[in-house]
Amino acid sequence: MIVLRLIGTVLWFAIPAGMLTFAVHDLTVRDAPTYDIEGTVVAHRQEYHPPGKDTAASTTYFITVRSASVADWEFGDLQQALDTEPGTPVVVQVSKVTDRVLFVRKSGTVVDLRATVGADVLLIVLGGLGLLVALGREALLEDLEFPHVAGFLLGALAAGGGVYLGLQLGS
């Protein structure tokens with residue numbers, strides 16, 4: 001019985017802590033500083049992905065940017081606004097943390113290529129609720145073989161392990 005209690009305590013604390021850490025790390029990386037690459041679109045193409053068993057049909061739009069500072073660089077996204085005719089001057093903003101394209105500015109239009117925050121906010125809410133449930137669970141369980149203080153300490157260690165795992169998944 002004590003082994004099940006130990007496993008339960010570890011899981012109740014580690015999983016929500018890992019979820020919170022992953023979501024906060026993802027949001028922090030999303031708004032990381034950027035650097036600009038000015039260039040000209042030299043090519044564009046589209047890749048059509050037919051509907052699969054569990055997916056809808058989609059089109060990925062790719063552009064190739066030529067700049068004096070870097071070699072030709074091709075990147076793509078599902079947003080049709082990214083599709084740009086060759087010869088159009090663009091400014092590409094690239095994350096200093098992940099080296100991924102975050103924004104493309106062209107002819108007064110800004111195309112935001114970052115992921116939405118909806119999934120991260122949901123993870124933060126669920127992770128916070130999970131930690132509250134874990135704390136309530138430890139406070140309400142009465143077990144003389146395994147005192148509450150030990151449960152809270154084990155939970156804190158498990159949460160630290162969950163944070164470490166969340167950071168590893170986020171990088």
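Each value in this text was obtained by applying a stated rule to the coordinates, not by laboratory testing. Predicted, not measured: the structure shown is a model, and the values here were computed from it. Reconstructed Cβ throughout: ideal geometry from the backbone, glycine too, with neighbour counts over all protein chains shown.
Overview of values
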{"quantity": "Only Lys, Arg (+1) and Asp, Glu (-1) charged, at Cβ; the chain dipole about Cα centre in debye", "calculated": "80 debye"}
{"quantity": "Packing rank of 89-98, 7-16, where each peptide gets the mean count of other beta carbons within 10 Å, highest leading", "calculated": "7-16, 89-98"}
{"quantity": "Paramagnetic reach from residue 47 (point 7 Å along Cα→Cβ, amide N under 18 Å) across the range 58-100", "calculated": "58-65, 73-84, 100"}
{"quantity": "Inter-probe distance in nm under a simple model that places probes 7 Å from Cα toward Cβ, at residue 112 and residue 98", "calculated": "1.5 nm"}
{"quantity": "Extension gain from residue 58 to residue 73, taking 0.36 nm per residue of separation minus the Cα-Cα distance", "calculated": "3.1 nm"}
{"quantity": "Candidate values [x] 16.9; [y] 9.8; [z] 13.4, label of the one derived for mean projected area of the Cα convex hull in nm²", "calculated": "[z]"}
{"quantity": "Value of [θ]222 nm, deg cm²/dmol, for the chain, DSSP H segments ≥ 4, -39500 (n - 2.57) each, nearest 500", "calculated": "-15500 deg cm²/dmol"}
{"quantity": "Rel. contact order, % - alpha carbon contacts under 8 angstrom, at least six apart, the range 19-171", "calculated": "26 percent"}
